[in-house]
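Okay, structure first, notes after.
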Amino acid sequence: MLALALLLAGGAATGCGGRATTHHKPGTSHEQASGNVGTLLTTGDSAGHKLREVPSQGAPEVQLALRPDSEDGWNLQLSVKNFRFTPDSTGGAALPGAGHAHLELDGRKIARLYGPWFHLPAAQVPDGAHTLTVRLYADDHTAWAVSGKPVEGTAQLTAPAPGSSGGHSHGEAPSQPPTPGQAQAEADRTVTITVRDGKVSPAPARTELRRGERIALRVTSDRADTLHVHGYDKELALPAGQEATLILTADRTGLFEVETHESRLVLTQLLVR
């Protein structure tokens, strides 16, 4: 009996498969996760995330490059060093050289990135000159930092005015978010969701789709947020009080959650057969 109890205790400590779990205990914040990498500073980045200081030697690095997309917007590439993207353990402890990135436009967060490539639609960028910033974060949402400064990369972007012949649009005006009528026409299914005072209406449920169908997610949030479709790595900025629409082709089967990043609300689940 004593040997069995010790075996069970050892299994609980290491988690499934004999590997230590990275997820923090209930009731603790992300910053209080069990990761002990580097030094947690009292200062934070521009978004309020605490800095996790590491030595410059072997520290994560990131550079940002962008190129016009042939149809719409820009394709962004993150070149990282001493870093790997770990979307499956987001919310867990800070592990060396692991985590995700945030993308900011002129200091405003517009997406969370789980890989080195991201498509930025023209509709999310007002005309004129802008600064894009990518910043690296640990799984516990602390920002990797060296010498008291966040690990980040920047790039300059100039969006042409609507109707101009320059830039990425090849003589056409940058695409605008689809209207409700356009979204209905371009999609096989439309789901309309409202987020107000931290509540989702209608209540989150499963939306069943056949593989290959296109779904339009029409979301109105009373606060600025970001919509994310897990498994597809699709994101959409949600301006406060304005309807935003994401059209997605369900080209892979499974169960995928649609949630908001900042308020961490589940909006719906996509069941693709």
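Each reported figure results from applying straightforward, stated rules to the coordinates on display, with no laboratory input. Since the model is a prediction, treat every value here as computed from it, not as a measurement. For neighbour counting, all protein chains shown are included, and Cβ atoms are generated from backbone atoms with ideal geometry for every residue, glycine included.
Computed from the Kirkwood radius of its Cα pairs, the Stokes-Einstein diffusion coefficient for the range 34-169 at 25 °C and 0.890 mPa s stands at 158 µm²/s. Ordering 221-232, 91-102, 134-145 by mean Cβ neighbour count within 10 Å, with the highest value first, yields 134-145, 91-102, 221-232. One equal scatterer on each Cα of the range 180-272, no solvent, Debye formula: the resulting log10 I(q)/I(0) at q = 0.24 Å⁻¹ is -1.31. Cross-link pairs exceeding 22 Å between alpha carbons, from the set K81/K149; K149/K234; K109/K149: K149/K234. The charge dipole of the range 202-246, taken about its Cα centre with unit charges on the Cβ of Lys, Arg, Asp and Glu (plus for the first two, minus for the last two), comes to roughly 220 debye.
With Cβ to Cβ distances under 9 Å as the rule, what net charge do the other residues near G99 carry (K, R +1; D, E -1)?
-1
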